[in-house]
Amino acid sequence: MLYIDIGNSYAKVLNMGQVECIPIDQFNFDHFFLKQEVIWVSNVNHSMVLPKFDNLKEAVVANKYKSLINGYQDFTELGIDRWLSLIATYEKFPNNSCLVMDIGSAVTIDLLDKKGVHIGGQIAPGLNKLNETFDKFSSSFIETDTPVLGDSTAIAWSCGIKNMIISYINSSIEEIKKSYQFDRLIITGGGYKTIKRYISHHHIYEEHLVLDGLQLNAKYMG
């Protein structure tokens, strides 16, 4: 069985216990579909049209997984990546209240209580989306470590948007702590490595949380 997590920037393919990360503009379904009996897919990339193969199964959001409850008023509005991350967190950290953060094209935050009830979440633009907000600077972003102040437009722009993301992440965690208790902070997403040393809260990094949830959901669905 093959599992594919299609994001906005990359597709992650899990095959025989090995994960391959492929830039989305280089990803080709045909390379995989000829070799597998069943393929489970999670897709948040609206420009990616899934082929109509008999062996393809697309994961969809539900209002419930075992005793895990989707907390949205309309459960279908929750992104499939967030739902699968919640499933993985629910299984990996049972009887723990967890704040789940995905740092990718968007930054998403979801709170799961000890009983498996999804309380709700937040969504904000990620580094790449912020970088695209001004055409004049969008090609100047530097992903490597930057100083507090830049001595060129490229470095100054990178400092600014990186600090926006870091400030948002740290302040959001603090604000949520004022209203809710949680045992663990779980972080995933491709943008984590760029800013990990600036996150001022103890956390657990789960590199493939969506893929983990995809596997669990596939097993549950049969």
Collect the residues in region 174-210 that are under 16 Å from residue 108 (Cβ atoms) and in a helix (DSSP H, G or I), keeping them in residue-number order. 175, 176, 192, 195, 209, 210
Examine region 84-95 for a residue that is at pLDDT below 95, part of a helix (DSSP H, G or I) and either within 14 Å of the chain's Cα centre (by Cα) or among the aliphatic types (A, V, I, L, M) (or both), and state whether such a residue exists. no
Which residue out of 12, 52 is in contact with a strand residue (DSSP E or B) (Cβ under 8 Å, 6 or more places away or on another chain), of a type in the set (Lys, Arg) and not assigned by TED's automatic domain parsing to the domain that holds residue 186? 12
With criteria (1) without any contact (Cβ under 8 Å) to a residue 40 or more places away in the chain; (2) in a strand (DSSP E or B), residue 54 comes up short on (2)
Could you tell me whether any residue of region 17-33 is among the charged types (D, E, K, R) and under 18 Å from residue 216 (Cα atoms)? no
Give me a count of the residues in region 204-219 that are free of Cβ contacts under 8 Å to residues at least 60 places away in the same chain and either touching a strand residue (DSSP E or B) at 6+ places or on another chain (Cβ under 6 Å) or of a type in the set (S, T, N, Q) (or both). 2
Only listed residue being surrounded by 17 or more Cβ atoms within 10 Å (Cβ to Cβ) and assigned by TED's automatic domain parsing to the domain that holds residue 26, chosen from 42, 105: 42
Taking residue 66 as the residue in question, decide whether it is within 19 Å of residue 89 (Cα to Cα) and in contact (Cβ under 8 Å) with a residue 12 or more places away in the chain. yes
Can you tell me which residues in region 149-173 are free of Cβ contacts under 8 Å to residues at least 12 places away in the same chain and either exposed (fewer than 13 other Cβ atoms within 10 Å of the Cβ) or touching a His at 6+ places or on another chain (Cβ under 8 Å) (or both)? 149, 151, 152, 167, 171
When the residues of region 69-99 are filtered to those that are β-branched (Val, Ile, Thr) and touching a residue at least 24 places away in the same chain (Cβ under 8 Å), which remaining residue is farthest from residue 4 (Cα to Cα)? 69
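The values are calculated or read from the model by the stated rules, or taken from the named source; none is laboratory data. Everything numeric in this text was worked out from a predicted model, so none of it was measured. Here Cβ is always computed from backbone atoms with ideal geometry, including for glycine, and neighbour counts include all displayed protein chains.
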